[in-house]
Amino acid sequence: MCLVLGPSGVGKTLIMKRLHKLCSKDSAGLGDPPPTQPTVGTNLTDLTIQRVRITVREVGGSMGPIWPSYYQDCRAVLFVVDSANPMQVSASCIQLLSVLSAPALSSASVLIIFNKTDLPCCMSLVEMKSLFRMDDIISSSQQPITVMETSALEGTGLQEVLQWLHSSIGT
């Protein structure tokens, strides 16, 4: 099981839909982005990456207080952050620290995705890492943490997310 977590409006649903499209057999490119609505509850999908099936559950950002009820049997976490919303950074950081400190996730691999890199107002990876104090978070965390940039809208970085998923869970 892989969980997709993060605040509301960061692009979790679009990332899930795009990853599913990339894994589908009839995938002839991503095409136009599908419509999405804010997730109330959870979205569940299976991704087949190099013949390995990975169940992925997105939990709505507004459900933060009950995220821990989904932590059991979780082997990986995709934590999504809006790199174009500096006002959300501190709240995202607090949520991330809460996720990382959960005993049930102590052995889960964590991928932090700075999404929305296609927007002209997005912060650079260096700025995001600095605001998040990523070096401190990584050095004090029990889990292996990887950081990637994506644009779910354009599809940039999503193949790398699939590769990370496969290497973290699929082996």
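Just name the residue that is least open to solvent (accessible area, probe 1.4 Å) out of those in the stretch 62-89 that are in contact (Cβ under 8 Å) with a residue 40 or more places away in the chain, in a helix (DSSP H, G or I) and hydroxyl-bearing (S, T, Y).
Looking at residues that are in contact (Cβ under 8 Å) with a residue 40 or more places away in the chain, in a helix (DSSP H, G or I) and hydroxyl-bearing (S, T, Y), I get Y70.
Restricting to the stretch 2-25, and then to whatever is on the phi < 0 side of the Ramachandran plot and in a loop (DSSP other than H, G, I, E, B), can you tell me which residue is most open to solvent (accessible area, probe 1.4 Å)?
Ranking the candidates gives K25 first.
Looking only at the stretch 26-61, which residues are in a loop (DSSP other than H, G, I, E, B), open to solvent by 80 Å² or more (accessible area, probe 1.4 Å) and under 18 Å from G6 (Cβ atoms)?
Scanning the stretch 26-61 gives Q37, P38, V40.
Of all residues being touching a Pro at 6+ places or on another chain (Cβ under 9 Å) and not in a helix (DSSP H, G or I) in the stretch 116-171, which is surrounded by the most Cβ atoms within 10 Å (Cβ to Cβ)? Just the residue, please.
A152
Quick one: how many residues across the stretch 92-105 are at pLDDT below 95 and out of contact with any helix residue (DSSP H, G or I) (no Cβ under 9 Å at 6 or more places or on another chain)?
The qualifying residues number 1.
Among the residues of the stretch 90-108, which ones are surrounded by fewer than 20 Cβ atoms within 10 Å (Cβ to Cβ) and polar (S, T, N, Q)?
S90, Q95, S98, S101, S106, S107
The values are calculated or read from the model by the stated rules, or taken from the named source; none is laboratory data. In this text, all values refer to a predicted model and were calculated from it rather than measured experimentally. Backbone-built Cβ (ideal geometry, glycine too); neighbour counts: all protein chains shown. Only protein heavy atoms, including side chains, enter the accessible area calculation; ligands, DNA and RNA are left aside. Shrake-Rupley method; radii C 1.70, N 1.55, O 1.52, S 1.80 Å.
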